[in-house]
Structures are given as structure tokens and as C-alpha cells.
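Asks: Right, I'll just put the structure down here and ask away after.
Each value in this text was obtained by applying a stated rule to the coordinates, not by laboratory testing. Just so we're clear, the structure is a prediction, and the values are computed from it rather than from any experiment.
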């Protein structure tokens, strides 16, 4: 996949972060808004793409947040899981997983581990810095020609 290639001698590769940009929340919301707008071109974007909500901000006291995190982990939440999944097989891939970072964001060790493991399991797993890059990867993966933000 052009500049978004995830394989280099069996290891996932990632781009380095760039200048300060909007929050991950606003970038991810742009990606899902784009998918909804392009439903008529590719209905799988709206139907089979979802967020893991791992990066959600929890309100309340420290104790309350701790209880919520403990409960979420008991229900299967895992640290570092990519933000966006598209459960559509294309080419030789089982699906697409995107770790979305803001322009100045960096990947954690857990996020790198998940991207590597998902790639080993046959998923196109990549990190994208900003909505525009994520939309480009989605459009290329789904073979959408002439896409616009």
C-alpha cells in the first residue's frame, strides 16, 4: 500500500509524528464523518467500521475512573488496541486496523505490539497521523477513486 506500507522485513513500520494538530477525538470524528458521507459509494465504511473507544476520556474522581477501568478490563478491554477497525477483507488482508494519532503523537510500546501482531495475523494494521492520512488509507484499501475529505 504505497506510503502506508506496514511490512518491512517482517516488521511493521510507522511514520514519525509531525507538527502540533487537533485532538485525536476531532481527527477520529472526521474519519467517521467522512465514512458516513461516503456510504453511497462504499456501504461497508458505515456498516462494518467501528471504534474500540480505548482512548475515551473518563470523567469522575480518580477512584471512580479506577473502578471503570477495572470493569472494562474484566470485560476484555486491552491496552494498545488500534482505534479503528474495518472488518472487510480486501486483497490478501482479513481487515484493516488503524491506530490514529494526532500530528504530534507517538506510538506506545503496546500500540506497536498490537500493530505487529495484527499484521502477523493477516490484517493490514497501520498507524496514521491525522484524519487525512487515515482517510487516504481507507480509500486506498476500499479502492475508492476520487475521494474527498
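Asks: What is the diffusion coefficient of segment 97-146 in µm²/s, taking the Kirkwood radius over Cα pairs and the Stokes-Einstein relation at 10 °C with a viscosity of 1.306 mPa s?
Replies: 138 µm²/s
Asks: Now for a separate question. With no solvent and one point on each alpha carbon, what is the Debye value of log10 I(q)/I(0) for segment 25-131 at q = 0.15 Å⁻¹?
Replies: Debye intensities relative to I(0), on a log10 scale: -0.72.
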